[in-house]
Every structure is written in C-alpha cells, then in structure tokens.
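Chemist: For reference, the structure I am asking about is given below.
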Amino acid sequence: MVKDGKFQSTLVTRLVNTVMFSGKKSTAQRIVYGAFDSISEKNPASNPIDILQRAVDNAKPRIETKARRVGGAQLGRALRIAGRPSQIVGRFVGLRRWDGNKRIEHLL
C-alpha cells in the first residue's frame, strides 16, 4: 500500500480509501485532513496519527466467531483473531465501511 502524501502513513491511506465514495479521493482527503486539523486545534500537543492508531487499536475486533456443527445444531465458536496486524486492521476498516454503506442505503 502506498503511504499517504501528507503524513507518510499507510493507515491514513486506508482511512482515506474507506471514506472515499464514487472515486472522489480529493474529497475524502479533505474530510480526513480536516478531521486531523480539528484534532490538532483542540489539543496542539497531540499527534493526530497517534490518536488514530489508538482508536483503531481500541475498536478493532479481537475475537471472531466461526460456525461449528455439534449434534445437528450449528453453534458459534469464539476464536482469537490470528494473523498479521495489517489483516486485523483491514477487518476493522472493512466493518466500518460496511456499516457506513448500510446507513447510506437506509437513508436513501
């Protein structure tokens, strides 16, 4: 993944790509960079990238459920998510994108 031009972070690039709708990347960048600017204005000592990383770490899933058949019934079994950290962050970003699209469809 290509690093972001302003912050040199792949996480920001993924966030911009998730916010992007109908290929309007400059609009998505303006939204994300505006949010980072407002974070910096509220707390000048903080780094917006660190705050984004903490938010992703707090919100990303740690357990997923897999279907398992036991005696004719299908039960959910909790499993720890294993894999590279980028895969786990990708699952988080994918879930947020799905929720956003669902809300947009619901409003329309």
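Chemist: Check Thr13, Thr18 and return the single one that is in contact (Cβ under 8 Å) with a residue 12 or more places away in the chain, in contact with an Asp or Glu (Cβ under 6 Å, 6 or more places away or on another chain) and assigned to a helix (DSSP H, G or I).
Modeler: Testing whether each residue is in contact (Cβ under 8 Å) with a residue 12 or more places away in the chain, in contact with an Asp or Glu (Cβ under 6 Å, 6 or more places away or on another chain) and assigned to a helix (DSSP H, G or I) leaves just Thr13.
Chemist: Only one of these is farther than 23 Å from Val16 by Cβ and not charged (D, E, K, R): Gln53, Gln74. Name it.
Modeler: Exactly one of Gln53, Gln74 is farther than 23 Å from Val16 by Cβ and not charged (D, E, K, R), namely Gln74.
Chemist: Okay, next question. Residues Ala67, Ala55, Ala28, Ala35: which one is within 27 Å of Ile81 (Cα to Cα) and either touching a Ser or Thr at 6+ places or on another chain (Cβ under 8 Å) or surrounded by 10 or more Cβ atoms within 10 Å (Cβ to Cβ) (or both)?
Modeler: Checking each option against the conditions leaves just Ala55.
Chemist: Next up: Do you know which residues across segment 21-35 are in contact with a helix residue (DSSP H, G or I) (Cβ under 8 Å, 6 or more places away or on another chain) and assigned to a loop (DSSP other than H, G, I, E, B)?
Modeler: Answer for segment 21-35, where residues must be in contact with a helix residue (DSSP H, G or I) (Cβ under 8 Å, 6 or more places away or on another chain) and assigned to a loop (DSSP other than H, G, I, E, B): just Phe21.
Chemist: Can you tell me which residue among Glu105, Glu41 is acidic (Asp, Glu), at pLDDT 80 or above and either under 22 Å from Leu11 (Cβ atoms) or part of a helix (DSSP H, G or I) (or both)?
Modeler: Selected residue: Glu41, the only one of Glu105, Glu41 that is acidic (Asp, Glu), at pLDDT 80 or above and either under 22 Å from Leu11 (Cβ atoms) or part of a helix (DSSP H, G or I) (or both).
Chemist: Do the conditions hold for Pro48, that is, is it modelled with pLDDT under 80 and either within 15 Å of the chain's Cα centre (by Cα) or surrounded by 14 or more Cβ atoms within 10 Å (Cβ to Cβ) (or both)?
Modeler: no
The values are calculated or read from the model by the stated rules, or taken from the named source; none is laboratory data. All values reported here derive from a predicted model rather than from experimental measurement. So basically every Cβ, Gly included, is an ideal-geometry build from the backbone, and we count neighbours across all protein chains shown.
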